[in-house]
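Visitor: The following block contains the structure, expressed as structure tokens.
Read-outs: derived from the displayed coordinates by stated rules, not from any lab. All figures in this text were calculated on a predicted structure; none of them were measured in a lab. Note that we place each Cβ from the backbone using ideal geometry, even for glycine, and neighbour counts take in every protein chain shown.
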Amino acid sequence: MVSIAKRFPGVLANDHIDFDVKAGEIHALLGENGAGKTTLMSVLSGLYRADEGEIYIKGQKVNMRSPRDAIDLGIGMVHQNFMLVEPHTVAENITLGLKTPRFFLDTAGTERRITGLSKQYGLQVDPRARIWQLSVGEQQRVEILKMLYRGADILVLDEPTAVLTPQEVEELFATLRRMAGEGQAVIFISHKLNEVMDISNRVTVLRHGKVVASVNTTETSKQELARMMVGREVLFRVEKKPVELGQAVLKVEGLRALNDKGLPALKDISFTIREGEILGVAGVAGNGQRELAEVITGLRKATGGCVSISECDTTHCSPREIIRQQVSHVPEDRLGMGLVPNLAVSDNIILKGYREPPLAKGPFLDRLSIRNFVAKLIEAFNIATPTQETPVRLLSGGNLQRTILAREISIGPRLMVAVHPTRGLDIGATESVRNLLLEQRENGAAILLIAEDLDELLALSDRIAVMYEGKIMGIVPAEGADIEQIGLMMAGSKRT
Ligand SMILES: Nc1ncnc2c1ncn2[C@@H]1O[C@H](COP(=O)(O)OP(=O)(O)O)[C@@H](O)[C@H]1O
Ligand SMILES: [Mg+2]
């Protein structure tokens with residue numbers, strides 16, 4: 001790819017990017033959220049047309065007008081959100097849209113070819129299974145098989161490990177190594193440094209739509225890659241101090257709830273979190289974590305069991321009644337649930353405290369105390385905003401997250417429910433959010449931390465609960481935790 005430029009309204013997503021990948025190579029495309037990785041690869045796979053620049057495949061200049069053109073050139077991309085048809089079988093999905101005429105469907109032959117490819121690349125999946133019966137990891141294998149079946153010899157994977165257990169990541173990496181070994185070119189998009197160091201032969205780092213560098217993986221380090229990705233020096237350190245545990249704050253017993261489809265999402269969940277303790281919840285997304293946070297904060301009804309906060313039964317309380325129990329909530333969806341986009345930063349920060357002194361005097365808001373209060377928080381939490389009156393929708397992701405944290409921490413929580421608090425943040429913002437959570441722990445708050453990043457859970461939590469299909473498979477101390485065991489529990493085996 002030579003000097004590729006791609007504009008979206010108001011942003012130059014790809015700013016004259018040069019990029020190349022060789023046969024037999026695993027090439028990582030590394031960059032923070034919004035760096036332009038997906039856009040660049042969508043150009044390569046024919047989904048977007050570049051505004052400027054040229055693409056050469058095996059030395060030939062090509063002009064792609066659609067994903068079909070890209071596939072014909074041997075380019076296959078596995079997107080972050082899979083594009084499979086749920087009621088159909090694996091084999092049907094793999095052959096969907098191929099040019100074979102309808103009346104000439106050789107099912108047995110197709111299945112044989114799929115099984116052959118499965119074996120060749122270690123991508124185990126039953127060709128006759130229906131997509132809805134498969135785990136997310138299996139669905140990903142189907143996507144990869146679909147590309148291989150079409151003869152792809154340049155395979156692009158967009159952040160493929162986000163939805164996998166540690167064991168599945170290892171299996172995926174083994175597959176990618178086999179593909180490279182057979183002479184295919186693999187492009188691996190990621191923002192995770194450990195993975196990039198582990199799997200790639202070469203790394204291209206993007207920042208703000210530009211290439212920062214292309215280096216051989218053996219000639220670089222995690223520190224150097226982080227510096228290139230962020231544009232400054234990065235420390236990988238959070239300091240978890242020993243904390244004396246106090247009284248039980250959150251008690252969950254035999255909790256049950258349904259998901260949005262009316263199916264059981266929580267099946268008999270029990271645990272306790274004490275003052276000064278962080279309980280991390282690990283699990284592949286969609287195993288009940290979101291519903292758990294929602295039931296505890298009063299946003300979803302429990303259908304059985306109970307929740308109590310400092311001995312007070314809150315199972316059937318409204319969100320407002322639960323907030324009054326000094327419960328804070330950092331929700332997954334920041335702009336939807338966490339903040340009011342069109343309201344000013346200051347209004348968003350006082351959203352939960354405005355009925356109480358010192359911000360309210362009788363029925364009136366005390367404007368001056370509010371200004372001072374908000375100014376202090378903006379400084380303490382390092383929120384980059386032009387003024388207190390700026391609507392929060394104009395802030396960047398890291399600043400949105402710090403605004404929520406400022407508000408949720410300023411209520412002096414007894415219990416904090418934090419759902420993916422660092423998702424989508426750059427390394428610097430991630431570090432400051434993690435430290436803010438640890439400070440709350442030192443102040444004696446009980447924290448329920450739901451996160452996807454196992455390293456983060458291990459660094460912050462005192463204990464880790466692993467969820468699978470609405471159940472807790474086991475709770476283990478974070479210190480000295482066995483990643484393999486956690487991975488097995490994430491895939492559904494009970495703690496032994
Ligand atoms: N379809 C789109 N419409 C408008 N803006 C987009 C679109 N896709 C991406 N962008 C913007 O382009 C930039 C690069 O995004 P993307 O390629 O998705 O980054 P990455 O994959 O590295 O996280 C971001 O600022 C993003 O908001
Ligand atoms: Mg992306």
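Visitor: Multiply the residue gap between residue 384 and residue 455 by 0.36 nm, knock off their C-alpha separation, and tell me the result in nm, one decimal place. Could you put the intermediate results ahead of the total?
Guide: Details: separation 71, 0.36 × 71 = 25.56 nm, distance 2.76 nm.
Here the answer is 22.8 nm.
Visitor: Along the Cα→Cβ direction, 7 angstrom out, place labels at residue 272 and residue 106. What is the inter-label distance in nm?
Guide: Modelled inter-label distance: 6.6 nm.
Visitor: Right, something else. Please compute the contact order of the chain in relative form: average sequence separation of alpha-carbon pairs under 8 Å and at least six residues apart, divided by the residue count, as a percent. Please report the intermediate quantities before stating the final value.
Guide: Details: 948 pairs, mean separation 75.8, N = 496.
Normalised by residue count, the contact order of the chain is 15 percent.
Visitor: Scan the chain and report its longest stretch carrying no GluC sites (Glu not before Pro) that are both in a DSSP loop and have at most 13 other Cβ atoms within 10 Å.
Guide: Working: sites that count: 182, 233, 239, 244, 311, 389, 479.
No qualifying site falls inside 1-181, the longest such stretch.
Visitor: Can you give the Rg/Rh ratio of the chain, where Rg is from the C-alpha atoms and Rh is the Kirkwood radius?
Guide: On the Cα set of the chain, Rg over Rh gives 1.00.
Visitor: Dimensions of region 111-210 along principal axes (Cα, Å, largest first)?
Guide: Largest to smallest, the principal-axis extents are 43, 28, 23 Å.
Visitor: How high is the FRET efficiency from residue 369 to residue 247, r the C-beta distance, R0 22 Å, rounded to 0.05?
Guide: Details: r = 32 Å, r/R0 = 1.44.
My answer for the efficiency is 0.10.
Visitor: Let me know the whole percent of all Cα-Cα pairs from region 188-275 that are separated by more than 15 Å.
Guide: For region 188-275, the share of Cα pairs beyond 15 Å comes to 72 percent.
Visitor: Any idea what diffusion coefficient region 248-490 gets from Stokes-Einstein, in µm²/s, Kirkwood Rh on alpha carbon pairs, 37 °C, 0.692 mPa s? Intermediate results must be reported in sequence, preceding the final value.
Guide: Details: Rh = 18.4 Å.
Estimated diffusion coefficient is 179 µm²/s.
Visitor: Per residue, what volume in Å³ does the Cα convex hull of region 349-496 take up?
Guide: Working: hull volume 20.4 nm³, N = 148.
Dividing the Cα hull volume of region 349-496 by its residue count gives 138 Å³.
Visitor: Taking 0.36 nm per residue of separation and subtracting the Cα-Cα distance, what length does fully extending residue 239 through residue 7 add?
Guide: Working: separation 232, 0.36 × 232 = 83.52 nm, distance 4.14 nm.
Here the answer is 79.4 nm.
Visitor: Averaged across orientations, what area in nm² does the convex hull of the alpha carbons in region 1-131 project? If you can, show how the numbers build up before the last one.
Guide: Details: hull surface 40.6 nm².
The directionally averaged projection comes out at 10.1 nm².
Visitor: So how strong a dipole does region 2-230 carry about its Cα centre when Lys and Arg Cβ are +1 and Asp and Glu Cβ are -1, to the nearest 20 debye?
Guide: On the way: 27 positive and 28 negative charges, 92 e Å.
For region 2-230, the charge dipole is close to 440 debye.
Visitor: Something else now. I'd like the Karplus ³J(HN,Hα) series for region 41-49: coefficients 6.51, -1.76, 1.60, θ = phi - 60°, whole numbers in Hz, and an x wherever there's a Gly or Pro.
Guide: Once rounded to whole Hz, the list reads 6, 5, 5, 5, 9, x, 6, 10, 9.
Visitor: Among the trypsin sites (Lys or Arg not before Pro) in region 251-305, which ones are in a DSSP loop with at most 14 other Cβ atoms within 10 Å of the Cβ? Mind listing them? Intermediate values should be presented prior to the final figure.
Guide: Working: sites: 251, 256, 261, 267, 274, 290, 300, 301; in loops: 261, 300, 301.
Loop-located and lightly packed - 261, 301.
Visitor: Jot down the per residue volume, in cubic angstrom and as a whole number, of the convex hull over the alpha-carbon atoms of region 2-230.
Guide: Values: hull volume 29.0 nm³, N = 229.
That works out to 127 Å³ per residue.
Visitor: Rounded to the nearest 0.05, what FRET efficiency do residue 192 and residue 216 give with R0 = 22 Å and r taken as the Cβ-Cβ distance? Could you check?
Guide: On the way: r = 19 Å, r/R0 = 0.86.
That pair, residue 192 with residue 216, gives E of 0.70.
Visitor: Report the calculated FRET efficiency for residue 54 and residue 132 (r = Cβ-Cβ distance, R0 = 56 Å), to the nearest 0.05. All intermediate terms of the calculation are to be shown ahead of the outcome.
Guide: Details: r = 42 Å, r/R0 = 0.74.
After rounding, the FRET efficiency stands at 0.85.
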